[in-house]
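Heads up, the thing below is written out as structure tokens.
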Amino acid sequence: MCLSTAYRNTMTPEAVVMRNVMRIECKDNMVVLTDLMERQMAVEGVLKEANLVDGFVVIQESKDN
């Protein structure tokens, strides 16, 4: 199973949005993350980069935020 850590804009410890992400959905300028415990979080922005081998996802927030 490939679980990832999601970051907001950059891969820094303070930018962590969610850990143990198992599902990512992109719709209507939102990135919806679901973790292993089925908790969900929506971040306004677009998927910038995803590396499932190294276990990270970077979400570029919309400029309005």
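Quick rundown of the values:
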{"read-out": "Positions within region 23-32 being under 14 Å from Cys2 (Cβ atoms) and touching a residue at least 12 places away in the same chain (Cβ under 8 Å), in sequence order", "value": "Ile24"}
{"read-out": "Residue list for region 42-65, restricted to those being free of Cβ contacts under 8 Å to residues at least 40 places away in the same chain, more than 9 Å from the chain's Cα centre (by Cα) and open to solvent by less than 40 Å² (accessible area, probe 1.4 Å)", "value": "Gly45, Ser62"}
{"read-out": "Region 16-41, residues that are on the phi < 0 side of the Ramachandran plot and either surrounded by 14 or more Cβ atoms within 10 Å (Cβ to Cβ) or touching a Gly at 6+ places or on another chain (Cβ under 6 Å) (or both)", "value": "Val17, Met18, Val21, Met22, Ile24, Met30, Val31, Val32, Leu33, Thr34, Asp35"}
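The values are calculated or read from the model by the stated rules, or taken from the named source; none is laboratory data. As the structure is a prediction and not an experimental result, all values here were calculated from the model. Quick reminder, even Gly has a Cβ in these numbers, built from the backbone with ideal geometry, and neighbours come from all protein chains shown. Just so you know, the surface numbers come from the protein's heavy atoms only, side chains and all, with ligands and any DNA or RNA stripped out. Shrake-Rupley method; radii C 1.70, N 1.55, O 1.52, S 1.80 Å.
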